[in-house]
Structure formats: structure tokens, C-alpha cells
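Heads up, the thing below is written out as C-alpha cells.
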Amino acid sequence: MSKKRDFTSVTDLSPAETRRLVQRAADGKAAAGPPGRAAPLAGKSVALLFEKPSLRTKVSFQVGVAQLGGYSLYLGGEEVGLGAREPISDVARVLSGYVDCIVARVFSHRHLEELARYASVPVINALSDWEHPCQIMADLLTVYEHKGGLDGLTLAYIGDGNNVARSLCLALPAVGMSFHCASPDGYELDAASVAAAEARGGRTRIMRSPSEAVADADVVYTDVWASMGQETEAAQRRQQFAGYTVDPALMAQARPGALFMHDMPAHYGEEVPPGMLEHPQSVAYPQAHNRLHAQKALLEFLLNDT
Ligand code: CP
């Protein structure tokens, strides 16, 4: 039996696997189901273990598992008490005897890695404080669909150097895309992640000016200024991120036909003005819908191919 594969980071996939999964997701979406097999997850169970709230990730995984013929069960953080009610290693070992895959949304990426270390079934990162790899697979699918390819494009990310920015930075080299990241002083993406992306062949530029970052961008991407768990910093961040709002005026400085992307939920009046997700260049809603298709391809890959 082959060793189980986890997806805790975008770097858990090789560049070739990343490109194949984007294509597979596009094919599966076009076929209104996975190509070849009607129910690739028949008889398989997936636990969704979420320490934080979710709309897109929770619903798209539950619906995706059902569409693939499998069964999912949702476990809220408080009922499991990962690392509090019992050790993470015990949660991992026990769940591995019931289900074929664990999809986990956690506060601490270290907890996710511990879960993956002790689980004998694949563990998928549904968001941690360090990465949001499932989001980025849907993002790649969205750019691929709307631009007709990925290689040679530039994505400009405006805002906090957070988990989404990090996963973008680490994933884009796999598909030949360049990454510009414009953040206020003190909120830049960490140097180690940029170095890791460079080691994967990445073309990354860390910048201060949003105008400079979007100047030759094919995609302009933003995220909330204060993520879940950073609510106490929200007021301070609103001041420090002034000037980092992505609005129609900033979009006009990007390449003609540039896409606007947001992983949602949006904080209107902060990183975007009201109505920005309905901007003619916005693909934020198809981007959210693509979570379903990208994750179906990922589940089939992890549970059937590896
Ligand atoms: N983008 C995203 O992960 O959305 P949810 O927090 O609603 O799952």
C-alpha cells in the first residue's frame, strides 16, 4: 500500500501535480462530475474538523464529498477540543479508524502538522494561521478559466502578508506565475516563505506601493486586513492599512482586462469598497464556487490515486 498523502501546504504537491489537479478540476467541472468514475468516493467517509467558522470551505467540502459518492460529518472545534479535551495524537489515531480523510480548519498550523503526523489517513488543511492551500487551488482554477492559462501571468496581492498571501507565494512558481505582494510596514510576508518560493523557481517581489504592485498585473487579489482570531487588532489595522483598499481606481492601473479576486468573506469599507465584488473585472463569486470543483479534484487525487 502506498504511503498516505497529506495536503497541509501547497508545497505538498509537486509542480506537475499542481498543474494536473487544476486541469482535472477544470475537466471535472466541465463534465459536471469527475471524469471516468461516477462515484470515486463511494463507501468513503470524510471528517470535517473545524475550530473556526466557515461558509465556503465547509459547504463546498460537504457538497463535494456527497457529489463524489462519499459521506462527510462535521465536527465543531468545541466538541472535539483538539489538544484540550484530549491530545491531538489521540484525536488523529481515533479518527483514522473511522474515516478515510480528515479535513481540518485550525488556529495553529503546528496542531495541523501534529494531526497529520499521527493520522494514518490523509489530512487536508482547510485553513490554518500559516496557509490556506485549498483556497489557492480554487484560485488557480479561476485564473486558468478566465485567462485561458497560467504560465507567464503576474498576480498582485494587496494587503496583509497572511496565510493566503503565503500560499499564493508558494504555489505560483508551480504554474509559472509571478507574485507581487504590497503590504504596509510591519505586515509583509515573511522572508523565509519568500525564500522558499524562490527556491521553487518563484519570481516574487515584496513591495510597499499598491500602485507599483498592480502596474503590470494580470490579476489583482486582496483579503481582509484582520483575519479570524485577530479581531482585537482590527481598529489598529484599519489605520495601518489605509491606502491599501482595492477599488476601481486601483484596478484601472492594472493591465487591461486584469481580474479582481477576493477569497471572501469581504469586509466592505476596508480592503474593498461596497460593490467591489460586482465590479466588471471581478471573478470573486466564480472563485468562491470553484472551491467545490478544486476540492473534488483534490479529494479524488488523495483518496484514490495516491
Ligand atoms: N475563503 C474561505 O475560506 O471562506 P470560509 O471562511 O467561509 O470557508
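The values are calculated or read from the model by the stated rules, or taken from the named source; none is laboratory data. Just so we're clear, the structure is a prediction, and the values are computed from it rather than from any experiment. Virtual Cβ from ideal backbone geometry, glycine too; neighbours counted across all protein chains shown. Surface areas here come from the heavy atoms of the whole protein model, side chains and all, with no ligands, DNA or RNA. Shrake-Rupley method; radii C 1.70, N 1.55, O 1.52, S 1.80 Å.
Only one of TYR118, TYR71 is more than 16 Å from the ligand (Cβ to nearest atom), more than 14 Å from GLU300 (Cβ to Cβ), in contact with a helix residue (DSSP H, G or I) (Cβ under 6 Å, 6 or more places away or on another chain) and open to solvent by 10 Å² or more (accessible area, probe 1.4 Å). Can you tell me which?
On the way: TYR71 fails: in contact with a helix residue (DSSP H, G or I) (Cβ under 6 Å, 6 or more places away or on another chain).
Going through TYR118, TYR71 in turn, the sole match is TYR118.
Taken together, MET264, MET251, MET276 contain a single residue that is at positive phi and surrounded by 16 or more Cβ atoms within 10 Å (Cβ to Cβ), which is MET264.
Please verify whether ALA234 is over 17 Å from PRO280 (Cα atoms) and surrounded by 13 or more Cβ atoms within 10 Å (Cβ to Cβ), treating the condition exactly as stated.
Working: over 17 Å from PRO280 (Cα atoms): yes; surrounded by 13 or more Cβ atoms within 10 Å (Cβ to Cβ): yes.
Spelling it out, ALA234 is indeed over 17 Å from PRO280 (Cα atoms) and surrounded by 13 or more Cβ atoms within 10 Å (Cβ to Cβ).
Does region 81-92 contain any residue that is among the charged types (D, E, K, R), out of contact with any Phe, Trp or Tyr (no Cβ under 8 Å at 6 or more places or on another chain) and either closer than 21 Å to LYS52 by Cβ or open to solvent by less than 30 Å² (accessible area, probe 1.4 Å) (or both)? Within region 81-92 (the criterion being among the charged types (D, E, K, R), out of contact with any Phe, Trp or Tyr (no Cβ under 8 Å at 6 or more places or on another chain) and either closer than 21 Å to LYS52 by Cβ or open to solvent by less than 30 Å² (accessible area, probe 1.4 Å) (or both)), the answer is yes, since at least one residue qualifies. Restricted to region 46-68, and to residues there that are among the hydrophobic types (A, V, I, L, M, F, W, C) and either open to solvent by less than 50 Å² (accessible area, probe 1.4 Å) or not assigned by TED's automatic domain parsing to the domain that holds VAL123 (or both), the residue that is farthest from the ligand (Cβ to nearest atom) is LEU68.
When restricted to residues that are more than 16 Å from the ligand (Cβ to nearest atom), more than 15 Å from VAL219 (Cβ to Cβ) and open to solvent by 40 Å² or more (accessible area, probe 1.4 Å), region 281-306 contains 3.
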